[in-house]
Amino acid sequence: MLRSLFSGVSGLKNHQVRMDTLSNNISNVNTMGFKASRTNFQDSLNQLLRSGGAGRNPMQAGTGSAVGSIGAKMEQGPLQMTGRSLDMAIQGTGFFLVSDAEGINSFYTRDGSFFVDSIGNVVNSSGYILQGDGGPINLGEEPLATLNISPNGAITGSSTTGEAIEGINIVLYTFPNPEGLKKMGGNLYSYDEAITGVVSEGMIPGSTGVGTIESGYLEMSNTDLSEEFTNMITTQRGYQANARIITVSDSLLEELIQLKR
């Protein structure tokens, strides 16, 4: 009897975790480069009531459910045209590398919305500098007259004084297991080599195994609202069913207590 009560409680807790994950996905439906997450359940420890033998199966009673994992879905998100040169979407696999000014903290991101700061560094909205094949990308302190970014990451253009911008290349990074990346907030990821595998060296966009860069576009969130709302319905029903388990188990306990009267 008590086993059924605690099984119901575990179901309530785990479905609440799934609802938390779904709500986060939906709240980030318009977040650039966001990757939705999914919650996977697994059965919890099974209590052995009777061992199996010759011609007899073991007898086991479950003790509820558990959250097996909460993993990111790294599928490509849809591209939105902006017409702005420093808006860059990765079409395919790969991540941008951004670092702080000191080069101490580095993160990976799919959010390709970049700007030029007061000293010419190409930075994201958090101030982290985009890294290229030669280190931090700097376009000079002069205002830009033209700027073009090719699908293979080559940056060309000129300043208002006529100074040419050339020889600067954006590179992308890949992981054997990108779903193992840790979300750090601000559309940034960090990695643990033991989980994600060894990060690749900076690779030219469009080379084998790496996507291309689409200038003038941004990658939208890959959250699918129809899928999320469907999962929300099944999660709500699962929560209600587990709540009913607790209610029925309580009724059975009450009947047992009433036997004495």
Using only the alpha-carbon atoms, how far is helix 225-258 inclined from the longest principal axis of the chain? Give it as 0 to 90 degrees, nearest 10. 20 degrees
How much net charge surrounds residue 116 when only other residues with a Cβ under 15 Å from its Cβ are counted (Lys, Arg +1; Asp, Glu -1)? -4
Counting other beta carbons within 10 Å of each Cβ, put 210, 116, 248 in order, fewest first. 248, 116, 210
Extend 7 Å from the Cα of residue 193 along its Cα-to-C-beta direction; within the range 201-218, residues with backbone N under 13 Å of that point are 201
Suppose the chain between residue 30 and residue 233 were pulled fully straight at 0.36 nm per residue; how much longer would it get relative to their current alpha carbon spacing? 70.9 nm
Taking the beta-carbon count within 10 Å as an exposure proxy, list 129, 90, 165, 119 from fewest neighbours to most. 119, 165, 129, 90
Choice from 81, 220, 203 with maximal GNM fluctuation in the chain (Cα, 10 Å cutoff): 81
Quickly work out the residue 141-to-residue 6 label distance, labels modelled 7 Å from Cα along the C-beta direction, and quote it in nm with one decimal. 6.8 nm
In range of the label at residue 63: residues from the range 224-257 whose backbone nitrogen is under 19 Å from the point 7 Å along Cα→Cβ: 246
Per-residue Cβ neighbour rank within 10 angstrom, fewest leading, 21, 156: 156, 21
FRET efficiency, residue 163 to residue 80 (Cβ-Cβ, R0 41 Å, nearest 0.05): 0.80
Taking square-rooted eigenvalues a ≥ b ≥ c of the alpha carbon gyration tensor, is the range 1-73 rounded, prolate or oblate, where a/c under 1.5 means rounded and, failing that, a/b exceeding b/c means prolate? oblate
Residues in the range 83-106 reached by a label modelled at residue 201 [backbone nitrogen below 20 Å; 7 Å Cα→Cβ]: 94-98
For the chain, find the longest principal axis of its Cα atoms and tell me its angle to the long axis of helix 2-27, 0 to 90°, nearest 10. 20 degrees
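Read-outs throughout are calculated quantities, based only on the coordinates presented, and are distinct from any laboratory measurement. Remember, predicted model here, so these are calculated numbers, not experimental data. Methodologically, a virtual Cβ is constructed for each residue, glycine included, from the backbone with ideal geometry; neighbour enumeration extends over all protein chains shown.
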